[in-house]
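Below is one structure; the comments refer to it alone.
The values are calculated or read from the model by the stated rules, or taken from the named source; none is laboratory data. This is a predicted model, so every value here is computed, not measured. Cβ placement follows ideal geometry from the backbone for every residue including glycine, while neighbour counts extend to all protein chains displayed.
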Amino acid sequence: MRLKEYQSGRPIFGQSPAVWTGQFVVFGSEDNRLLAVDIDGFDAWTVVMDAGLAVSPVIGPDGTCYALTTKGTVYAVNLYGEIIWQFANGISFSSTPLVSNNQELYLADDSGRLFALDSQTGQLNWQDKILQSPVVSLSLDTQGRLMATTLTGQMRSLQTASSGLASLGWPKAHGNTQNTGRVES
């Protein structure tokens, strides 16, 4: 096995990178950039965002990367580095999003609001203010229950229309429900 090296020339944020089928690694840098590097260590694409990454990026089954910024903007970026859509709520996101198997993107912001966006269009499907402090973690079980926990020890659960995470892509931080970070090609 040969170790590949990549030098971004700028500080890289501490969030976990997202991996697309062993072809790209996607991560954020401190100068408001979302970067994709191919498996040979070469720049694939770069997107300049309105602020730095708030949380780890995720990748849907079609290869769309979802990046959330500290200014409260969601960027949906295709495999070619083109911005497909943006959604702005004006408040920083506090938890890595989840991509469900029914094309919904679940997010949480620093005010305790939960959101469901259509992952294809960025349209707001619903939002709910069910928590009083920033959400630090989102989980989605195979029954479609979206669970959110906060810094202050609150936990809430909402029933969604999904039946779990997307089976392809990198639908959550660390890749899959087992957090193995394994890439299926």
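Looking at Thr46, Thr73, Thr64, can you tell me which residue is surrounded by 19 or more Cβ atoms within 10 Å (Cβ to Cβ) and either free of Cβ contacts under 8 Å to residues at least 40 places away in the same chain or more than 16 Å from the chain's Cα centre (by Cα) (or both)?
Numbers: Thr46 fails: surrounded by 19 or more Cβ atoms within 10 Å (Cβ to Cβ); Thr64 fails: either free of Cβ contacts under 8 Å to residues at least 40 places away in the same chain or more than 16 Å from the chain's Cα centre (by Cα) (or both).
So the residue among Thr46, Thr73, Thr64 that is surrounded by 19 or more Cβ atoms within 10 Å (Cβ to Cβ) and either free of Cβ contacts under 8 Å to residues at least 40 places away in the same chain or more than 16 Å from the chain's Cα centre (by Cα) (or both) is Thr73.
Could you list, in sequence order, the residues of the range 48-67 that are among the small types (Gly, Ala, Ser) and part of a loop (DSSP other than H, G, I, E, B)? Even if it seems obvious, please write down each step before you answer.
Of the residues in the range 48-67, the ones among the small types (Gly, Ala, Ser) are 51-52, 54, 56, 60, 63, 67.
Result: Ala51, Gly52, Ala54, Ser56, Gly60, Gly63.
If you scan the range 93-138, which residues turn out to be more than 14 Å from Ile59 (Cα to Cα), touching a residue at least 40 places away in the same chain (Cβ under 8 Å) and either under 13 Å from the mean Cα position of the chain (by Cα) or not in a loop (DSSP other than H, G, I, E, B) (or both)?
If the condition is that a residue be more than 14 Å from Ile59 (Cα to Cα), touching a residue at least 40 places away in the same chain (Cβ under 8 Å) and either under 13 Å from the mean Cα position of the chain (by Cα) or not in a loop (DSSP other than H, G, I, E, B) (or both), then Ser94, Ser95, Ala108, Leu114, Ala116, Leu117, Val135, Val136, Ser137, Leu138 are the ones that fit.
In this structure, is Phe93 more than 20 Å from Leu140 (Cα to Cα) and surrounded by 19 or more Cβ atoms within 10 Å (Cβ to Cβ)?
Working: more than 20 Å from Leu140 (Cα to Cα): no; surrounded by 19 or more Cβ atoms within 10 Å (Cβ to Cβ): yes.
When the stated conditions are applied, Phe93 does not pass them.
How about the range 80-94: which of its residues are farther than 17 Å from Tyr106 by Cα and either modelled with pLDDT under 90 or of a type in the set (Ser, Thr, Tyr) (or both)?
Listed by number, the list holds a single entry, Tyr80.
I'd like the full set of residues that are of a type outside the set (A, V, I, L, M) and modelled with pLDDT of 90 or more, limited to the range 48-60.
Kept after step one, since they are of a type outside the set (A, V, I, L, M), are these residues of the range 48-60: 50, 52, 56-57, 60.
Matches in the range 48-60: Asp50, Pro57, Gly60.
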